[in-house]
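One structure below.
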Amino acid sequence: MSIVSAVILGILQGLTEFLPVSSSGHLAIGKHILDFESPDMLFDVMLHAATLLVILIYFRRRVFLIIKAFFGIFFKRFQKDYFENKRFLWGIIIASIPTAVIGLAFEKYVLAYFETVVFVGYALIATSILLVISDNFHGRGRVTAGKSFMVGIAQGLAVTPGISRSGTTIAVSCMLGIERDEAAEFSFLLSVPAIIGAMILQIKDAAITNVDMLIPYGAGMAAAFISGFIVIGIMMAFIRSAQLKFFAIYCLILGLIVVIFL
């Protein structure tokens with residue numbers, strides 16, 4: 001893999017990981033059109049690490065408070081932090097349970113039966129509908145255990161290529177009445193255990209087959225981090241202003257093109 005190819009793939013990862021347009025769907029379409037082979041496991045792990053780093057840095061204040069809240073379960077010193085941030089702490093834990101169960105149970109079947117390019121097109125259309133509907137909700141509620149579980153189910157189902165993980169979890173959170181800014185923050189933080197879980201499953205198959213590949217892989221990782229960090233701030237602004245319809249239009253047009261012409 002050349003440095004240019006790695007950088008292009010890194011930019012695509014950084015953009016599609018945070019924009020509600022389905023990174024897996026775009027990969028499936030790209031493979032179909034360009035007869036493109038998926039990058040090896042090590043490169044995939046490095047790209048996931050880059051997007052994980054983006055989330056941890058961008059939401060560093062909330063991440064720090066959640067970590068303190070976790071310690072508050074065991075130590076009185078952090079009990080104030082626990083009570084102030086427990087809804088995010090337990091929300092992420094509760095939501096991750098159905099996500100893990102659904103993801104592990106159905107991922108192989110999804111990849112085997114639903115990665116056909118036509119199915120991806122229909123899934124993108126479904127994503128567009130979900131995004132349009134979510135723009136009509138302007139709740140003022142907070143993250144709760146019940147809502148977290150429902151969002152976790154939605155994230156698990158988003159393993160389907162063409163169904164955007166971020167778009168689905170944000171949309172479902174808004175539909176459940178969660179305030180839009182908190183819905184976005186919760187959605188992105190919820191991806192942290194999902195990304196870590198995916199990396200753990202992948203890393204056992206990741207190996208350095210060619211030392212010369214470390215330079216383009218590193219360039220791709222840097223490109224994913226930079227593009228992701230830029231996009232996540234833009235995405236937060238779109239969510240706050242209920243403007244996900246722009247991404248819905250894109251998903252609808254791309255989905256129709258795929259279904260009709262591919």
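Laid out as a table, the results:
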{"read-out": "Largest-first principal axis extents, alpha carbons of segment 1-107, Å", "value": "57, 32, 24"}
{"read-out": "Peptides 1-7, 193-199, 22-28 ordered by average Cβ neighbours within 10 Å, highest first", "value": "22-28, 193-199, 1-7"}
{"read-out": "Of the DSSP H helices in the chain, those whose Cα atoms cover at least 30 Å axially and whose Kyte score averages -1.0 or more", "value": "79-113, 180-203, 214-240"}
{"read-out": "Loop GluC sites (Glu not before Pro), segment 66-166, which have at most 12 other Cβ atoms in a 10 Å radius of their Cβ (DSSP)", "value": "none"}
{"read-out": "With at most 14 other Cβ atoms within 10 Å, longest stretch of the chain clear of loop chymotrypsin sites (Phe, Trp or Tyr not before Pro) (DSSP)", "value": "76-262"}
{"read-out": "Spacing of the two label points (7 Å from each Cα toward its C-beta) at Ser241 and Phe149, in nm", "value": "3.8 nm"}
{"read-out": "Given 11 as the ceiling on other Cβ atoms within 10 Å, longest exposed-site-free region of the chain for trypsin sites (Lys or Arg not before Pro) in DSSP loops", "value": "1-139"}
{"read-out": "Paramagnetic label zone (point 7 Å from Cα along Cα-to-C-beta, Ile67; backbone N under 16 Å) in segment 167-195", "value": "189, 192-193"}
{"read-out": "Protein accessible area in the chain, 1.4 Å probe - carbon and sulfur %", "value": "71 percent"}
{"read-out": "Å³ per residue enclosed by the Cα convex hull of the chain", "value": "126 Å³"}
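The values are calculated or read from the model by the stated rules, or taken from the named source; none is laboratory data. Here the structure is a predicted model, which means the values were calculated and not measured. We place every Cβ from the backbone using ideal geometry, glycine too, and count neighbours over all the protein chains shown. Quick note on the areas: whole protein, heavy atoms, side chains included, nothing else; ligands and nucleic acids left out. Shrake-Rupley method; radii C 1.70, N 1.55, O 1.52, S 1.80 Å.
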